[in-house]
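Each reported figure results from applying straightforward, stated rules to the coordinates on display, with no laboratory input. The model shown is predicted, which means the values in this text are computed figures rather than measured ones. Using ideal geometry, Cβ is built from the backbone for each residue, glycine included, and neighbour counts are taken over all protein chains shown.
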Amino acid sequence: MIFEGKYYNGQSSKGMPAQITLLADGLRIDYCADEVTGSVHWELAGMHPSEFNDATTLLRYGKFPQQSISVVDKGFKEALLQQYRGAAFLKSGYNSVLSLGFSGIAIMALSLLGLLVAFLIWGVPALADRVAMHFPESYERALGEQLYTKMLQGYQVNDKKTAALNAYLSELNTDLDYPITAAVVTSDEVNAFAIPGGYVVVYEGILDKMEHHEELAALMGHELAHIRNRHSLRAMTRSLSYYMLASVLFGDVSGVAAVLVDNASTLRNLEYSRTLELEADREGLELLRRNELNEQGAILLMERLQSGSELEMLAFVSTHPNTGDRIKVLNELIAETKRPAKEKPELERYWEQLKGE
Ligand SMILES: [Zn+2]
């Protein structure tokens, strides 16, 4: 059988009219162009997997420079399949995809859709987490400052207590490379939260619950651990990852920071996993140790948070679950050291200022 097609010799991109003859051991291709005629013989073993596309069949042969032929004739494919049944070059991946038919293509489309959904559910938050982990520190701090400013707009700041809290913090060895800025805001809510880049907001409601400054130190240690380990930055970027993806997709890369700042209020109720909370508790306790403070402060803080009425504690407890478990873990850690605490008159003095009306 003889078919009309185009022959490409692999050296010129120009196709030459050719006649293709199906022989028992391969193809014979007689080509003719610009009064040049020639003939090549393709052995079956040298032929690459073929591509069938509707009416067109594309066959390639040999190593570099690779020759090829294309034949626009449905009968060519059928003739090949009949003559060379089982030959390797007829079992192309491309061919098998097409031969899947509609149901096969539907399955492939569904698999791709599944991959896309999986990426959106797990990939995007995980990607956001990686982005947050690799934020340069200067960027984290600049973002934190914007978030802090934005957050405070919604509150009344108690200037006197804010000054006392910052003085208290400056006396502590916090083990952070940059300064901490804190604000005390007027609210009965028992809450406190960390903002990326070294900012902490403490509600009067939680200060009113405390009786010893070591409890405050424990709270600060806990919140600063959330900052040091970028828990708040990561939780925020994760919870807003879809908005951020959208702003990246729409080409507004600078919009990523804007999305975070616009959603500053999510900081109030960020939820951390149990693992992250325990990590923050452990590091919070280390702050007490480093400053030779009574480690029982961490336990007292937890007990107060546990003992309050549910409504009162809602904000803090709902985002900080498993208080009973956490007390147990803290007690185990404290039992390991049993080191006597030192008096800290400076800290006491700022604490008195914080507690004063
Ligand atoms: Zn926490």
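Which is farthest toward the positive dipole end of the chain among Asn269, Ser39, Trp351, measuring Cα position about the Cα centre, with Cβ charges +1 (Lys, Arg) and -1 (Asp, Glu)?
Ser39
Do any trypsin sites (Lys or Arg not before Pro) in the range 8-110 lie in a DSSP loop with no more than 11 other beta carbon atoms within 10 Å, and if so, which?
Working: sites: Lys14, Arg28, Arg60, Lys63, Lys74, Lys77, Arg85, Lys91; in loops: Lys14, Lys63, Arg85, Lys91.
When the trypsin sites (Lys or Arg not before Pro) of the range 8-110 are filtered for loop state and at most 11 Cβ neighbours within 10 Å, Lys14, Lys63, Arg85, Lys91 remain.
List the pair-distance distribution P(r) of the chain, using every Cα-Cα distance, as the percent of pairs falling in each 20 Å bin from 0 up to the bin containing the longest distance, rounded to whole percents.
24, 31, 14, 19, 11, 0
Testing the spin-label approximation: label points 7 Å from Cα along Cα→Cβ at Ser265 and Asp175. State their distance in nm.
Distance between the two pseudo-spin positions: 3.6 nm.
State the antiparallel share, in %, of DSSP beta bridges confined to the range 135-355, rounding to the nearest 5. Please report the intermediate quantities before stating the final value.
Numbers: 5 of 10 bridges.
Percentage antiparallel, nearest 5: 50.
Taking the Cβ of Val131 as the centre, find all other residues whose Cβ is under 12 Å away and add up their charges (Lys, Arg: +1; Asp, Glu: -1). Could the numbers behind the result be given before it?
Details: positive: Arg130, Arg230, Arg234, Arg238; negative: Asp129, Glu140.
Here the count lands on +2.
Taking chymotrypsin sites (Phe, Trp or Tyr not before Pro) as candidate sites, keep only those in a DSSP loop with at most 16 other Cβ atoms within 10 Å, then name the longest stretch of the chain containing none of them.
Between exposed loop sites, the widest span is 1-154.
Expressed as cubic angstrom per residue, what is the convex hull volume of the alpha carbon set of the range 9-111? Before the final figure, lay out each step's value.
Values: hull volume 12.3 nm³, N = 103.
So the per-residue hull volume is 119 Å³.
Would you grab the residues whose amide H sits under 5 Å from the one on Val200? Only those 5+ places off in sequence or on another chain, please, with H modelled 1.01 Å from N.
Sorted by chain and number, the residues that satisfy this are Thr181, Ala182, Ala183, Ile195.
Want the number for Leu113 to Ala163: 0.36 nm per residue separation, take away the alpha-carbon distance, what's left?
Values: separation 50, 0.36 × 50 = 18.00 nm, distance 5.50 nm.
Gain in length upon complete extension: 12.5 nm.
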